[in-house]
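These notes concern the structure reproduced below.
The values are calculated or read from the model by the stated rules, or taken from the named source; none is laboratory data. Keep in mind that this is a model prediction, so the values were computed, not measured. All Cβ positions, glycine included, derive from the backbone under ideal geometry; neighbour counts span all protein chains shown.
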Ligand SMILES: [Zn+2]
């Protein structure tokens, strides 16, 4: 798990504010069912410094999703 060098202010996938972002180069499972802190995780495919395929995970809290979608 890593972090982007220049993280955006809002999620590039849905445009809503996010709580944290991480970068992954391998598969993993995400289960948000009944998660107390996070409502949603968005997946944004990006290219790493060497052109490798990575995925950025944007974690949204319940409050952020409620505020972002009214
Ligand atoms: Zn998002």
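Being assigned to a strand (DSSP E or B) and more than 13 Å from the ligand (Cβ to nearest atom) is the filter; apply it to the range 35-51 and report the residue that is farthest from residue 67 (Cα to Cα). So that I can check it myself, show each step before the final result.
Step one: of the range 35-51, the residues assigned to a strand (DSSP E or B) are 38-47.
Cutting the leftovers down to more than 13 Å from the ligand (Cβ to nearest atom) gives us 45-47.
Details: 45: 25, 46: 26, 47: 30 Å.
Result: 47.
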*Can you tell me which residues in the range 1-21 are within 13 Å of the ligand (Cβ to nearest atom) and in contact with a strand residue (DSSP E or B) (Cβ under 7 Å, 6 or more places away or on another chain)?*
7, 11, 12, 13, 14, 16, 18, 19, 20, 21
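Return the only residue of 28, 32, 54 being without any contact (Cβ under 8 Å) to a residue 24 or more places away in the chain and either within 14 Å of the ligand (Cβ to nearest atom) or buried (at least 16 other Cβ atoms within 10 Å of the Cβ) (or both).
Testing whether each residue is without any contact (Cβ under 8 Å) to a residue 24 or more places away in the chain and either within 14 Å of the ligand (Cβ to nearest atom) or buried (at least 16 other Cβ atoms within 10 Å of the Cβ) (or both) leaves just 32.
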_All positions within the range 28-47 that are modelled with pLDDT under 90 and closer than 19 Å to residue 4 by Cβ_ = 28, 30
